[in-house]
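Asker: One structure is given below, represented as structure tokens, and several questions about it will come after.
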């Protein structure tokens, strides 16, 4: 019973957050200097009638409230407007970009979660040793580096060995399947590694402190007193409990993954959603920027919701 | 002492407590290293106009001239001395870091204070708003606002400042909630003290150290965000910051020119600033948390870079 309550509450919160983001999106772009009309009517001899006709055409003669309602309605139908840049629907552009971004970000994130948990656990278990010192220093170093700079450093290191820009080799025309896969893999390696390393530093530190906290609990002491193997203690006693805060913190870091992806995609010319944001900023392509912000926000809110529900599954106490 | 500089703002805090804090800090290697780096960076930035060896607007050699005795870190794409550029760059980066943090501390601190002190409906509404802003990804929102508003140093400061306050608001609120119930606050109220006086004289001094720890951690995030916005070309093109130096080197093909000296040092400096702030802020927090004095509990919850102050709430 209470469980359903919790789930409903979290889903409700997610929906309201998306709604808040949509509203921010609407308000911010209404504050942008000029309007679609002021730009279009900058032709020589533009009359007041032309201005007015344009305003009616774009619905700018209506009240702000009506405009907002129209915006919501169009959004509900999946209409995000038309890009100023390539005159394609924003939703189409974003879909293509998102499909390109996903594999790269997923690869980097999975890498960082696996290695972050691994080294974080080791650092906590070998507390006070040189192993811990080395692990924590490495993690802190990666944690402090600006993402885009780390990417540039990797480019300097791997220049000539691995491709440093784009997603595929454009000179390969209709390559056989395996050549294509190999080509993609070689291109995805550096951007995914950059994102992975930055997140790795963060996750190692998180996992280490969460583990240290659980390793200090009484039940771990009991487990030790029982003579259980260290492996069993870490796996079934400490890590299981440490997973609760780790899940939440990883979910909260999603916003950062998004930011990191933007920077990484710029450095490596990866044609994903981050690069779309960059180009929209450069070209002042407001509809694209608006759409990209919305897509990024919705994905972060969505994964936060997933983490909340996961947390609920991991920790039965939450329903009480 | 250098560590003491973090506390001069809060003389009301009992001296014995401050002294205990300082002692804890001095015995922590990470805090000492962090403070040393921070002091060195701040000094260089402040003294840049006097100690920078060359003018940063005049060409002193060929573009991307490699390091030499006269120019230890070589020249950039415009033939300008890198050492001087880095000194001035640190200045702008720190100005953005400190000013944006100040803005977010004022917003976050007051929301946390008001929310925790008054409680009830005010608390519910303010914390709801905070929750929404917590989930919406900061950097994309910053990009949108900065893109609409146009590039300028002032805009960058405000944009970063108004989006970094959420974590602080939550941490401060939690602390105020407990301070509010203490006996001396109740006594002051019984003696007829107004809300303003109670908050300023009795509550604020109690949460000040926590606010300072949060400030140091937020500076790291603000400096990082500045490099990100600069990298997207959203900062003032005429103000050279460390982020701008990285962007310039990237845009103007320092890598294909083999000019590592134009691109490695600015990133190292940013990393050092972020590292130093994380170390000092973390040590301050540890020192403030009595629970962490117990040896086996002395784990510190590391903070996520874009989510300063959220981790404790999340746990």
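Taken together, the values in this text are just the output of simple stated rules run on the coordinates, not laboratory data. Source: prediction; values computed, not measured. In this analysis, Cβ positions are derived from the backbone assuming ideal geometry, glycine residues included, and neighbour counts consider all displayed protein chains.
Asker: Between B:43, B:288, B:272, find the one with the highest GNM mean-square fluctuation for chain B; connect C-alpha pairs within less than 10 Å.
Answerer: B:43
Asker: Work out the mean other chain Cβ neighbour count within 10 Å for the residues of B:225-231 and drop it here as an integer.
Answerer: Whole-number average of other-chain Cβ neighbours for B:225-231 is 4.
Asker: While we're looking at this one, here's another question. Points 7 angstrom from Cα along the Cβ direction at residue A:51 and residue B:190: gap in nanometres?
Answerer: It works out to 6.9 nm between the two label points.
Asker: Suppose only helical runs count, i.e. DSSP H with n ≥ 4. What mean residue ellipticity at 222 nm does that imply for the protein assembly as shown under -39500 (n - 2.57) per run, divided by all residues and rounded to the nearest 500 deg cm²/dmol?
Answerer: Theoretical 222 nm ellipticity from helices: -23500 deg cm²/dmol.
Asker: Let me ask another. Run the numbers for residue B:60 and residue B:39: contour at 0.36 nm per residue of separation, minus the present Cα-Cα distance, in nm.
Answerer: Here the answer is 4.6 nm.
Asker: While we're looking at this one, here's another question. Can you sort B:286, A:218, B:236, A:315 by how many other beta carbons sit within 10 Å, fewest first?
Answerer: By the 10 Å Cβ count, ascending: A:218, A:315, B:236, B:286.
Asker: Please find the FRET efficiency linking residue B:129 to residue A:75, where r is the Cβ-Cβ separation and R0 is fixed at 22 Å, and quote it to the nearest 0.05.
Answerer: Efficiency computed from Cβ-Cβ geometry: 0.50.
Asker: Another question about this same structure. When chain B is modelled as a GNM with alpha-carbon springs shorter than 10 Å, which of B:154, B:196, B:250 fluctuates the most?
Answerer: Most flexible of the set in this elastic network: B:196.
Asker: Here is a follow-up. Run the simple label-point estimate for residue B:50 and residue A:174 please: 7 Å along Cα→C-beta, distance reported in nm.
Answerer: Going from the residue B:50 label point to the residue A:174 one covers 7.3 nm.
Asker: So, one more: Roughly how crowded by other chains is peptide A:13-25, in terms of the mean Cβ count from those chains within 10 Å of each of its Cβ atoms?
Answerer: 3
Asker: Taking springs between alpha-carbon atoms closer than 10 angstrom, which of B:256, B:93, B:84 fluctuates most in the Gaussian network model of chain B?
Answerer: Checking each option, the largest mean-square fluctuation is seen for B:256.
Asker: Ranked by Cβ crowding within 10 angstrom, fewest neighbours first, how are B:182, B:239 ordered?
Answerer: Ranked by crowding around the Cβ, least crowded first: B:182, B:239.
Asker: Quick check: pseudo-label points 7 Å beyond the Cα along Cα→Cβ at residue A:129 and residue A:106, how many nm apart are they?
Answerer: 3.6 nm
Asker: Across peptide A:138-144, how many C-beta atoms of other chains are within 10 Å of each residue C-beta, on average?
Answerer: Whole-number average of other-chain Cβ neighbours for A:138-144 is 5.
Asker: So, one more: Using a 10 Å cut-off around each Cβ, can you sort A:68, A:286 from fewest to most neighbouring Cβ atoms?
Answerer: In increasing order of surrounding Cβ atoms, one gets A:68, A:286.
Asker: Got the relative contact order for the stretch A:87-218 handy, in percent, Cα pairs under 8 Å and 6 or more residues apart?
Answerer: Result for the stretch A:87-218 is 47 percent.
Asker: Can you work out the FRET efficiency for the pair residue A:312 and residue A:269, with r the C-beta to C-beta distance and R0 = 25 Å, to the nearest 0.05?
Answerer: My answer for the efficiency is 0.05.
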